[in-house]
Amino acid sequence: MADGMDITLCRFQFDNGELTWSGANLPLVLINPNRSEVPEGARALPNAAGAFEFKADRQPIGATIRPRPFTTRTVALQPGDTFYLYSDGFQDQFGGPKGKKYMAHQLRKKLGEIHHYSATVQQEFLSQEFDAWCGAEDQVDDVLVIGLRLPR
């Protein structure tokens, strides 16, 4: 049996205005309502104007049966870009009215709803959302959401 780890990794290069990103089973979300075009390698998300997702390669890092080279994407930075990287813990959490997983599409939708708030307010919204979803269920995994907004 193959066992590996999911990861999303990026490097900001402010001197040349680029973000370099690669993901192992975990995507990168970019939200900027002022972007007029879909960035190369991304897909537009339906939940917010200027919301895009860069899909990760469908393989973990580490032990895997047939490893392939990971895709590296370069994104031209624009003022007001907000980037989100996250572990699978939020979306894999069981809860809600039917005891089901939260799911990635719900997390992307929530990020689209709250991206324009300050980091402190976003953290509070996500914390409240997670706690409400969990209800009486135990937390099943680590939860990490990182957001970074470029100045406008």
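Observations
- Point-charge dipole on Cβ atoms (K/R +1, D/E -1) for the chain, about Cα centre, debye to 20: 520 debye
- Potential lengthening between Leu150 and Glu113 on full extension [0.36 nm per residue; Cα-Cα distance subtracted]: 11.5 nm
- Average silhouette area of segment 89-146, convex hull of alpha-carbon atoms, in square nanometres: 3.7 nm²
- Relative contact order computed over the chain (Cα-Cα under 8 Å; 6+ residues apart), in percent: 25 percent
- Over all orientations, segment 18-72 has a Cα convex hull whose mean projected area works out to 4.4 square nanometres.
- Only one residue of Ala104, Leu45, Gln93 has its Cα farthest out toward the positive end of the dipole of the chain, where Lys and Arg carry +1 and Asp and Glu -1 on Cβ, and that residue is Leu45.
- Calculated mean residue ellipticity at 222 nm for the chain: -5500 deg cm²/dmol, from DSSP H runs with n ≥ 4 weighted as -39500 (n - 2.57), summed, divided by the residue count and rounded to 500.
- Measuring nothing but how far apart in sequence close Cα pairs (under 8 Å, 6+ apart) lie, relative to its length, segment 16-70 scores a relative contact order of 39 percent.
- Calculated from backbone phi, Karplus (6.51, -1.76, 1.60) coupling profile of segment 79-95 in Hz, x at Gly/Pro: x, x, 4, 10, 10, 10, 10, 7, 7, 8, x, 5, 5, 8, 6, 7, x
- Less than 5 angstrom separates the built amide H of Leu77 from those of Glu18, Leu19, all sequence-distant by 5 or more or on a different chain.
- Apolar share of the accessible surface for segment 1-130: 53 percent from carbon plus sulfur atoms, 1.4 Å probe.
- Accessible area in square angstrom per residue, the chain, 1.4 angstrom probe: 59 Å²
- Close amide H pairs (under 5 Å, H built 1.01 Å from N) link Gly89 with Leu144, residues at least 5 positions away or on another chain.
- Coupling constants for segment 103-109 follow from the phi torsions by the Karplus curve (6.51 cos²θ - 1.76 cosθ + 1.60, θ = phi - 60°), and in residue order they are 5, 4, 5, 5, 5, 4, 4 Hz; glycine and proline get x.
- Each label point was placed 7 Å from the Cα along the Cα-to-Cβ direction; for Gln123 and Asp92 their separation is 2.4 nm.
- Using θ = phi - 60° in the Karplus curve 6.51 cos²θ - 1.76 cosθ + 1.60, the 3J(HN,Hα) couplings for segment 33-43 round to x, 7, 6, 9, 10, 6, x, 4, x, 10, 10 Hz; x is entered for Gly and Pro.
- One way to sum up the overall shape of segment 46-87 is the equivalent ellipsoid from its Cα gyration tensor, whose semi-axes run 27, 12, 9 Å, largest first.
- Over the chain, the alpha carbon radius of gyration divided by the compact-protein estimate 2.2 N^0.38 Å works out to 1.08.
The values are calculated or read from the model by the stated rules, or taken from the named source; none is laboratory data. All figures in this text were calculated on a predicted structure; none of them were measured in a lab. Note that each Cβ is placed from the backbone with ideal geometry, even for glycine, and that neighbours are counted across all protein chains shown. The accessibility values were calculated without ligands, DNA or RNA, using every heavy atom of the protein model including side chains. Shrake-Rupley method; radii C 1.70, N 1.55, O 1.52, S 1.80 Å.
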